[in-house]
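A short write-up of the structure that comes next.
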Amino acid sequence: MSINLATQRLIDDGESSTVELVSSPNQVEQIAKSVCAFLNGKGGTVIAGIDERGLEDESFQHESATEEDAAALRKYLYEEVMPNCVMSVSVDLTEYGSVLVVEVPNGRDTPYTYDARVFLRTGKSIKAADSQAIREMVLEKGTNVQRWERRPSPTLKAKDLDRKLIDTTVERGRENRGFIFDKPKNVESVLQQLEVAEFGQLTNAADVVF
């Protein structure tokens with residue numbers, strides 16, 4: 001395995017409004033809070049296995065991440081962060097050893113919760129949202145103009161899609177990025193988890209992609 005230059009660059013640049021560094025792959029609670037905050041914001045990346053203290057301290061004992069750590073984290077995030085959202089959890093090699101990398105999208109079903117709380121990120125900080133912030137998120141969600149790719153495609157049916165391409169997408173998502181699909185053989189379930197179908201209606205995104 002060679003060093004992942006993109007991940008190494010994120011670590012070298014340090015924490016930001018879209019990058020969180022966590023010292024250990026086993027700090028699943030902190031990782032989940034960060035994931036929840038990124039989902040409720042503009043998305044971001046959580047890197048577990050090195051933090052800013054570790055970058056500054058040469059004596060820091062790095063704890064290398066494993067594929068078993070990645071599998072356990074995927075399961076934890078899937079069960080504990082609500083509503084469910086497809087995200088990537090991978091093991092990348094860096095100059096500091098192997099780290100867990102969680103790539104978090106900009107969530108479309110805000111507000112997301114972890115431990116029955118809504119978390120937000122402001123700068124480099126994460127905090128639980130108060131009732132006013134949650135109310136504003138709900139109102140904003142209701143007034144946002146729906147993007148073209150999320151709009152229904154009225155004439156598109158599941159039978160029109162390339163089933164082989166869908167199966168290939170599921171296989172690659174599971175093997176390369178560790179995506180968890182509830183029912184990988186069920187087309188409707190897969191399309192819903194990929195957020196290209198809603199309430200039984202396929203979207204323009206499904207038309208473009210499949």
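Among the candidates GLU79, GLU58, the residue that is free of Cβ contacts under 8 Å to residues at least 24 places away in the same chain and in a loop (DSSP other than H, G, I, E, B) is uniquely GLU58.
When you check GLU188 against the structure, is it within 26 Å of ARG147 (Cα to Cα), open to solvent by 20 Å² or more (accessible area, probe 1.4 Å) and either aliphatic (A, V, I, L, M) or out of contact with any Leu (no Cβ under 8 Å at 6 or more places or on another chain) (or both), yes or no?
Values: within 26 Å of ARG147 (Cα to Cα): yes; open to solvent by 20 Å² or more (accessible area, probe 1.4 Å): yes; either aliphatic (A, V, I, L, M) or out of contact with any Leu (no Cβ under 8 Å at 6 or more places or on another chain) (or both): yes.
Yes; evaluated as a whole, the condition is true for this residue.
Please determine whether any residue of the range 134-150 is open to solvent by 40 Å² or more (accessible area, probe 1.4 Å) and touching a Leu at 6+ places or on another chain (Cβ under 8 Å). No, the range 134-150 contains no residue that is open to solvent by 40 Å² or more (accessible area, probe 1.4 Å) and touching a Leu at 6+ places or on another chain (Cβ under 8 Å). Of all the numbered requirements in (1) in contact with a strand residue (DSSP E or B) (Cβ under 6 Å, 6 or more places away or on another chain); (2) farther than 20 Å from TYR76 by Cβ, GLU171 misses one, and that requirement is (1). Cβ separations smaller than 7 Å between residues 6+ apart or across chains give the following pairs from the range 156-171 residues that are farther than 17 Å from PHE199 by Cα to residues that are aromatic (Phe, Trp, Tyr): LEU161/PHE210; ASP162/PHE210; LEU165/PHE210; ILE166/PHE210; VAL170/PHE181.
Could you look through the range 156-176, keep only residues that are assigned to a loop (DSSP other than H, G, I, E, B) and loosely packed, with under 14 Cβ neighbours inside 10 Å, and pick out the one that is modelled with the highest pLDDT?
Pass one, the range 156-176, residues assigned to a loop (DSSP other than H, G, I, E, B): 156-157, 161-162.
Next, from what is left, pick out any that are loosely packed, with under 14 Cβ neighbours inside 10 Å: 157, 162.
Values: LYS157: 90, ASP162: 94.
Selected residue: ASP162.
Candidates are the residues of the range 1-20 that are of a type outside the set (A, V, I, L, M, F, W, C) and assigned to a strand (DSSP E or B); the one that is least open to solvent (accessible area, probe 1.4 Å) is GLU20.
The number of residues in the range 92-113 being open to solvent by 20 Å² or more (accessible area, probe 1.4 Å) and either among the hydrophobic types (A, V, I, L, M, F, W, C) or within 16 Å of LEU194 (Cβ to Cβ) (or both) comes to 6. Selection of the range 23-65 for residues being hydrophobic (A, V, I, L, M, F, W, C), open to solvent by 20 Å² or more (accessible area, probe 1.4 Å) and more than 25 Å from GLY107 (Cα to Cα) yields LEU55, PHE60. Could you list, ordered by first residue, the pairs with Cβ atoms under 6 Å in which the first is in the range 178-199 and part of a helix (DSSP H, G or I) and the second is of a type in the set (Asp, Glu) and open to solvent by 50 Å² or more (accessible area, probe 1.4 Å), at least 6 apart or interchain? From residues that are part of a helix (DSSP H, G or I), the pairs are SER189/ASP182.
When the residues of the range 66-76 are filtered to those that are touching a residue at least 24 places away in the same chain (Cβ under 8 Å) and either part of a strand (DSSP E or B) or open to solvent by 80 Å² or more (accessible area, probe 1.4 Å) (or both), which remaining residue is farthest from TYR96 (Cα to Cα)? Talk me through it step by step, then tell me what you get.
Pass one, the range 66-76, residues touching a residue at least 24 places away in the same chain (Cβ under 8 Å): 66-67, 69-76.
Then drop every residue that is not either part of a strand (DSSP E or B) or open to solvent by 80 Å² or more (accessible area, probe 1.4 Å) (or both), which leaves 67, 75.
Details: GLU67: 17, LYS75: 25 Å.
Selected residue: LYS75.
The values are calculated or read from the model by the stated rules, or taken from the named source; none is laboratory data. Since the model is a prediction, treat every value here as computed from it, not as a measurement. Don't worry about glycine lacking a Cβ; one is built from the backbone with ideal geometry, like all the others, and counts go over all protein chains shown. Just so you know, the surface numbers come from the protein's heavy atoms only, side chains and all, with ligands and any DNA or RNA stripped out. Shrake-Rupley method; radii C 1.70, N 1.55, O 1.52, S 1.80 Å.
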